[in-house]
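For reference, the structure discussed in these notes is given below.
The values are calculated or read from the model by the stated rules, or taken from the named source; none is laboratory data. This structure is a prediction, so every number in the text was calculated from the model and none was measured. Cβ: placed from backbone, ideal geometry, glycine included. Neighbour counts: every protein chain shown.
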Amino acid sequence: MSLDTLHVEQVVQGIKSREFSIEEYISQIFERIEKVEPKINALVTLNKEEGLNRARRLDKKIREGKQSGPLAGVAFSIKDNICTKGMKTTCASKMLESYVPAYDATVIKRLMTADAIIIGKANLDEFAMGSTTEFSRYGPTRNPWDISRVSGGSSGGSAASVAALECTASLGSDTGGSVRCPASFCSAVGLKPTYGLVSRFGLVSYANSLEQIGPVGRTVSDVVSVLNVIAGSDENDHTTTTNDSKPTYLLKERNGLRVGLVTEFIKGADSAVSKVIYKAVDTLEKQDCNCEEVSLPSVQYALASYYTIATAEASSNLARYDNIRYGFDMNPEGYEWNSYFARARSNFGEEAKRRIIVGSYVLSSGYYGKYYMKAHQARSLLKHEMENLFQRYDVLIGPTMPILPFKIGERIDDPLKMYLVDIDTVVANLTGMPAISVPAGFAESLPVGLQIIADQFAEQTLLDVAYSFEQAAKVQRSPDL
Amino acid sequence: MTTIATKIGLEIHCQLTGVKSKLFCRCSSDYRGKAPNTNICPICAGLPGTLPLLNKKTVEFAAMISLALGCKLPDEIAFYRKNYFYPDLPKNFQLTQYNAYNITSIGVNGKLEYISSKDARIRRVQLEEDPGRLVYASGNMDTSVYVLIDYNRAGVPLVEIVTEPDFIDPKEVRMFLDKITSIIEHLEVCDTKLEGSVRCDANVSVDGGNKVEIKNISSFADVEKALRYEITRQRTMTSREIQVRSETRHWDDARKVTKESRTKEEEQDYRYFPEPDIPMVVLGSEFVSFIKQSMPELPDKRKERFMSDYGLSDHIAKVIIGNKELADFFESAIAVYLSPKEIANWIVTDLMSFIDERTKKEEEEEKEHSLFAGLKVGPEHIADLARLVDQNMINRATAKQILGQTVRTGEMPSALAKKMQANRIDDVSVLTQAVQSVFDMEQAAVQDARVNTNVANFLLGKVMKITKGKADPKIVLEMIQKKLKED
Amino acid sequence: MVVTIEEVKHLGWLAKLEMSDAELQRYTTQIEDIVNYLNKLDTIPLEQVEPIMLKKKFSELRKDTPETFEDRVLGTAYMKDGFVKGPRMV
C-alpha cells in the first residue's frame, strides 16, 4: 500500500489499528523523498535519522499500550522559518546559515506532544519574503505539477512537499498569502488562521502584525486535524487571544450558506482562472449556497497598505541579523563595528535588501504620516467594509491567485510585478481574518485555488464551506512525479 | 552685571531593581556580579522568533513613580521601537515608549516640589529596556582590537524621568535629585545604592543659547560637577562671543570635563513605530486607585504623619525622612519604646554625627552603602537608651557616653549602664549626707546661695563631685534649695 | 516623485547594508517604482478612521516570576572568557 498517499486521519487510524507500523510508513516517506526531491527541491534539511528513531520509539509506545497523541506518527515538513530545537533553521538565508535554535516554537512543542514526526525543514523565500520561493538561497522549489514552473511562495516547500507526497501535512507561515498562494499553485489546502489564534512564538518574524502559522494538507480534513493541535492561546505570545485556550474544530458539511463573490478579485483574474472559479460558484450553488457578486472597494489600497506595513516591520525585524550572536562564520576581529555590520548584512539576498530599504524609507523621519499611518487607516477601512459584508454573507470567495503558476524566472526581475500577484490574499492578513485556499480545479493542466474568507474567529464556518465544496468538487490530489 | 539665564533639564534613568525578572523576559533582573552571558535567554539575547513578554510588576512600579511625581496616567499604554544599530543592543532596536503621535507612556505632565515653593515640571515618565554592556579588551576603547559584549543587563527594566528645563543652577538640580532618590527609596522600586542603578543625563543652555546635552554621567553625585563645568564652558564661550553649538557631549569622569562626541558623518533617524508584538495595555478605571492603595508611603506624607502623630517638629521630621533608612530606623525604634521626640532627638543629633564622621572617612572611596554600615547600633539600642533617659536612670552626659560605646560594640545601653554603675543614687539618706557634707565644707558659698539662687548650681556641682557623678542632679538640687530655705 | 541614489545610500547606512554601485543603481530604480505605487495611499479619503489596535488587559500581563534558561543561548564561536567578541568600537 502506498502509505505516502494517506491523509492524516487515515495514517492515525492505520497506525492505531496496527495495519502498518509508523516505521513502515516513515520509511516509505523517506523513499518517496529520495525519489522526487531532486525534481522539486522542496526540503532544505532532512531529519531522516531522528525521524526514523522517533518512529521506532513511538511504535514501541503504542505496542506497550500507552496513550498516544492525536497526530501519532504523522509525517510533517516544517517551513524553515519556524524554530526547531536542535535542528538547523536557516530561513533560506546566508544570515542564518549555521543557526540551530535553542528552543522549539510553541507549534512544534504542540506537534511533539501530539506525537507527530518532523521529516525535514521546508524551503521558502528568504525570511518568508516572496511569492514564488525563488528568493531562496537553496534555489527555487519547483511546482510538482510542472517542474518548469514556480510552486508559489513563500511557503513553496511546504505546499510542494505535501502535494508531492513527501509528507502528510506541513506547517507554513502566511504574511501576505504565503500559505494560500503555494497551496493554490500546488493544488493543496492551505489555511491562514485568524490573527492571534495560533502562537507566533518561534516563528522568525517578517511582519509581526500580519502573519500567522498555518497548516497545509491535501484535504480539508488534514487541515482541521492539525489546526486542532496547534491553535489556542499561548502565554509566550501576547498577541494570541485569551478568549479560548483550546478551541476545537469539527469536520462537517454545511449547506445553504450565503456566499459573496468579490468583484474586484474575480474581475482582476486571468480568464483561465476566472473560468474555474465561476465553475466553483456553480458547485457551491448546487450545495444550496446563495452566491452573489459583491464589491469590496477598499481592495484598491490593499497592496499598497500591505507592502508599507510589511516592509516597515521587516526592516526592523531583520535588524537583529548582525552576525554577532548567531549567523554564519565571519571573524569580527580586524573590523570596525559599522563596517562589520554592513559587510555581514550584505549577505542578505536581493529581495530582502530591497524590502529593508523600502521599509526604512516609509518609516523615516517625515514619512510616518504619509505611509505608515495611512496604511493603517487603509487596514481599518478594509476591516469595516468586510465586517459589514459579513453581516450579509457567511463567507467571501474569489480566486486565491489572479494568475496560473508561471515559469520560473518570469517575474523575478520586476519586483513590483511580483508584488501584484498578492492582490487577492493580502486582504485577509490586513484584517486579521481567516482565509483558506482549496483546490478548485485545473486550467491548462495547472492548479487553480478557490479562496474562502470568513470573519474573525469564524474558522468553523470557513471550514464548513471549504469541506462542503471539497466534497462536491472532487478535485484530483496528486501530480505524476 | 547682567545675569546670564541658565536653563537645565534632566533625563533620569532608574533601574527597577525592586522587580525580580527583566522587563520582557523571565530572566532575573539581578545581573550584578554574575559571570558574563549567564543571565540571558533567547528573548533578551534577541534570538530569531522570540517575542517580548511584558512584566506586570514593572508597569505597577512605573505607575507608582508617575503618581509620586504628580503625573497623569493614560488609560492605555503602548511600547515603541527605537531603531538603531549598536553592539550592546541585541535586537538593534530598543523597546521604549514614545509620545509624539499619541500619549502612550506611563505618565505625563507631572510636577514635583523639591524645595519649599519651588516646583520642577515633569514632562514624562516611561518604561524602557537597558542594553547590554560593552567591555574593552585592553580596558580602553581606542586601543582594543575587538569589543567584549555581555548581555546579562540587556532587558533589565528602566524608568526614564524627563523634566522640563526648569532648573536654573546645579544646586537646585542636586536638591531635586536628592528628593527623587528619597521618593524612589520610599517606593521601594529601586535600590539607589547599587552601582549604576540611577543615571542622569542633563541638558543645559546659557543665556538663550543652544542647548547642549551631557551624557555618560555615572552617578547623581557627578551631575553637579558636570553641570558646573559645562556652564562655565558655555559662559566662557559666550563672553568671547563664540557661539555655543547644539551638540551632545560626554562627561569624562577621569578628567572631570565634558568632551565633544566623535562627529557622526550621517544623521541618525530612529524610525519609531509601535511594537506589534505588544498590544496596547488597557490599565482600566480601577488602576489608579489600585496603585495608590498598594503604594508605600511617600516621604512627604510620612513627614506629615510624623509631625501630627508624634509631635515632631518640622525640622526634625524633615531630617528623618530625608533618608528612608533613617525614617525606617525611627519607626522601628518607637515600636520598641514609644517616646518619639526623645528618640528623634537622639537620632538627629548624636547618631547622625556618628554617621557623618564615618562617611567623611570614606569620602575618598565614595562608597555608597547602607547608612548604618560600620555602626553596630540598631533601633532597639536607641529605644533602650531613650527609656533609660526618660526614666531618669542616667543623665544626658552619661547617655552620650554610652551611645558612643554602643555604636562601636553593639552592646545594649542598659547593659552598659549597669556595668558603669551609672545608675544614679536616688537613695535619700545617701544624698542627704552628701548635701550635708557640702554645706559643711562650703559655708561661704552657702551664704551666697541664700542671696543668689544661681550659686545653688555650684553647690550641686560639688555634690556631684563627691558622689562621682552618680547622684541624681534633679533630686539633689531640690534638696539644696529646700535646705537653703530652711536655715 | 523621485527617489535618489543618495537617499538609498543613506537608508543603506541607517540599515547597515553594504551595497555595490551596481546594486545601488538597480535598487534605486526598483524602489522608486515601489514607492510610487505606495503613493496610492494618498488617495484614501481622509475621514476619521481609527486604526485597529490590538488590546490587552493589564491583568493578563506576565507575572514577575524569574526563571533561568538552562540551555546554551549564544551560537557564535567567537567568545572570550564568556563574553561575546565583537568588532572594535570607535
Exercise. Residue check, A:VAL220 against (1) closer than 27 Å to A:LEU389 by Cβ; (2) in contact with a Phe, Trp or Tyr (Cβ under 9 Å, 6 or more places away or on another chain); (3) within 14 Å of chain B (Cβ to nearest Cβ), all met but one. Which one?
Worked result: (3)
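Among helices (runs of 4 or more DSSP H) lying entirely in the stretch B:335-417, which contain 1 or more residues that are in contact with a strand residue (DSSP E or B) (Cβ under 9 Å, 6 or more places away or on another chain) and at positive phi?
Details: elements: B:340-346, B:352-361, B:379-390, B:396-409.
Of the helices (runs of 4 or more DSSP H) lying wholly inside the stretch B:335-417, none has at least 1 residues that are in contact with a strand residue (DSSP E or B) (Cβ under 9 Å, 6 or more places away or on another chain) and at positive phi.
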For this session: Filter the stretch B:322-352 down to the residues that are of a type in the set (S, T, N, Q) and farther than 23 Å from B:LEU177 by Cα, then identify the one that is surrounded by the most Cβ atoms within 10 Å (Cβ to Cβ).
Result: B:SER339
Seminar exercise, completed: Taking the stretch A:407-431 and keeping only residues that are within 17 Å of the chain's Cα centre (by Cα) and more than 11 Å from chain C (Cβ to nearest Cβ), one is left with A:VAL421, A:ASP422, A:ILE423, A:ASP424, A:THR425, A:VAL426, A:VAL427, A:ALA428, A:ASN429
For this session: Could you tell me whether A:LYS66 is exposed (fewer than 14 other Cβ atoms within 10 Å of the Cβ), in contact (Cβ under 8 Å) with a residue 24 or more places away in the chain and not acidic (Asp, Glu)?
Result: no
Exercise. Scanning for something of a type in the set (Gly, Ala, Ser) and either touching a His at 6+ places or on another chain (Cβ under 8 Å) or more than 13 Å from B:ILE12 (Cα to Cα) (or both), does the stretch B:150-167 turn up at least one residue?
Worked result: yes
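For C:GLU7, are the conditions met, namely being under 25 Å from B:PHE93 (Cα atoms), among the acidic types (Asp, Glu), touching a Lys or Arg at 6+ places or on another chain (Cβ under 8 Å) and within 14 Å of chain B (Cβ to nearest Cβ)? Spell out the reasoning first.
Numbers: under 25 Å from B:PHE93 (Cα atoms): yes; among the acidic types (Asp, Glu): yes; touching a Lys or Arg at 6+ places or on another chain (Cβ under 8 Å): no; within 14 Å of chain B (Cβ to nearest Cβ): yes.
Considered against the rule, which asks whether it is under 25 Å from B:PHE93 (Cα atoms), among the acidic types (Asp, Glu), touching a Lys or Arg at 6+ places or on another chain (Cβ under 8 Å) and within 14 Å of chain B (Cβ to nearest Cβ), C:GLU7 comes out as no.
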Seminar exercise, completed: Reported set for the stretch C:77-90 where residues are among the aromatic types (Phe, Trp, Tyr) and either assigned to a strand (DSSP E or B) or within 7 Å of chain B (Cβ to nearest Cβ) (or both) is C:PHE83
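Given the criteria in a helix (DSSP H, G or I) and either crowded, with 19+ Cβ neighbours inside 10 Å or touching a residue at least 40 places away in the same chain (Cβ under 8 Å) (or both), does A:LYS60 qualify?
On the way: in a helix (DSSP H, G or I): yes; either crowded, with 19+ Cβ neighbours inside 10 Å or touching a residue at least 40 places away in the same chain (Cβ under 8 Å) (or both): no.
No, not satisfied.
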For this session: Please work out which one of (1) under 25 Å from the mean Cα position of the chain (by Cα); (2) at pLDDT 95 or above is the condition A:GLN300 fails and give its number.
Result: (2)
Seminar exercise, completed: Going through (1) crowded, with 17+ Cβ neighbours inside 10 Å; (2) within 7 Å of chain B (Cβ to nearest Cβ) one by one, C:LYS40 fails only at (2)
Problem set entry | Every residue from the stretch B:1-41 that is buried (at least 21 other Cβ atoms within 10 Å of the Cβ) and free of Cβ contacts under 8 Å to residues at least 24 places away in the same chain | B:CYS41
Problem set entry | Long-range neighbours under 7 Å by Cβ, at least six apart or interchain, first residue in the same structural domain as B:ALA344 (by TED's automatic domain parsing) within the stretch B:387-405, second at pLDDT below 80 and of a type in the set (S, T, N, Q) | B:MET393/B:ASN423
Exercise. Can C:ASP33 be described as under 26 Å from the mean Cα position of the chain (by Cα), more than 26 Å from A:TYR371 (Cβ to Cβ) and either aromatic (Phe, Trp, Tyr) or away from chain B (no Cβ under 14 Å) (or both)?
Worked result: no
Exercise. Is it the case that some residue within the stretch C:10-26 is surrounded by 17 or more Cβ atoms within 10 Å (Cβ to Cβ), within 22 Å of A:TYR372 (Cβ to Cβ) and away from chain B (no Cβ under 14 Å)?
Worked result: no
Problem set entry | Residue in the stretch C:55-76 that is nearest to B:SER21 (Cα to Cα), counting only those that are at the interface with chain B (Cβ under 7 Å from one of its Cβ atoms) and surrounded by 17 or more Cβ atoms within 10 Å (Cβ to Cβ) | C:ASP64
Exercise. Does C:GLU50 satisfy the condition of being over 23 Å from the mean Cα position of the chain (by Cα) and within 7 Å of chain B (Cβ to nearest Cβ)?
Worked result: no
Problem set entry | Of all residues in the stretch B:1-51 being more than 20 Å from A:GLU235 (Cβ to Cβ) and among the charged types (D, E, K, R), the one that is nearest to the other protein chains (Cβ to nearest Cβ) | B:ASP30
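Which of the residues spanning the stretch B:309-321 are surrounded by 15 or more Cβ atoms within 10 Å (Cβ to Cβ) and of a type outside the set (D, E, K, R)?
B:TYR310, B:LEU312, B:ILE316, B:ALA317, B:VAL319, B:ILE320, B:ILE321
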Exercise. If you take the residues of the stretch A:367-406 that are in contact (Cβ under 8 Å) with a residue 60 or more places away in the chain and within 9 Å of chain C (Cβ to nearest Cβ), which of them is nearest to the chain's Cα centre (by Cα)?
Worked result: A:ARG379
Seminar exercise, completed: Out of (1) more than 25 Å from A:LYS88 (Cα to Cα); (2) at the interface with chain C (Cβ under 9 Å from one of its Cβ atoms); (3) under 23 Å from the mean Cα position of the chain (by Cα), the one A:GLU336 does not meet is (3)
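Would you pick out the residues in the stretch B:76-97 that are in a loop (DSSP other than H, G, I, E, B) and within 11 Å of chain A (Cβ to nearest Cβ)?
Matches in the stretch B:76-97: B:PHE79, B:TYR84, B:PHE85, B:TYR86, B:PRO87, B:ASP88, B:LEU89, B:PRO90, B:LYS91, B:ASN92.
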Exercise. In this structure, does B:SER429 turn out to be part of a helix (DSSP H, G or I), among the hydroxyl-bearing types (Ser, Thr, Tyr) and under 49 Å from the mean Cα position of the chain (by Cα)?
Worked result: no
Seminar exercise, completed: In the stretch A:312-333, anything in contact with a Gly (Cβ under 6 Å, 6 or more places away or on another chain), without any contact (Cβ under 8 Å) to a residue 12 or more places away in the chain and either more than 7 Å from every other protein chain (Cβ to nearest Cβ) or in a loop (DSSP other than H, G, I, E, B) (or both) is listed as A:ILE324, A:PRO332
Problem set entry | Unique match (being within 27 Å of B:LEU53 (Cβ to Cβ) and crowded, with 17+ Cβ neighbours inside 10 Å) among B:LEU227, B:LEU283 | B:LEU283
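If we scan the stretch C:9-19, do we find a residue that is farther than 30 Å from B:ALA154 by Cβ, modelled with pLDDT of 90 or more and small (Gly, Ala, Ser)?
No, there is no match, as no residue in the stretch C:9-19 is farther than 30 Å from B:ALA154 by Cβ, modelled with pLDDT of 90 or more and small (Gly, Ala, Ser).
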Exercise. How many residues are without any contact (Cβ under 8 Å) to a residue 60 or more places away in the chain and either over 19 Å from B:SER218 (Cβ atoms) or assigned to a loop (DSSP other than H, G, I, E, B) (or both) when one looks only at the stretch B:132-171?
Worked result: 12
Exercise. Can you spot a residue in the stretch B:249-264 that is surrounded by fewer than 17 Cβ atoms within 10 Å (Cβ to Cβ), within 30 Å of A:THR308 (Cα to Cα) and either in the same structural domain as B:LEU158 (by TED's automatic domain parsing) or at pLDDT below 90 (or both)?
Worked result: yes
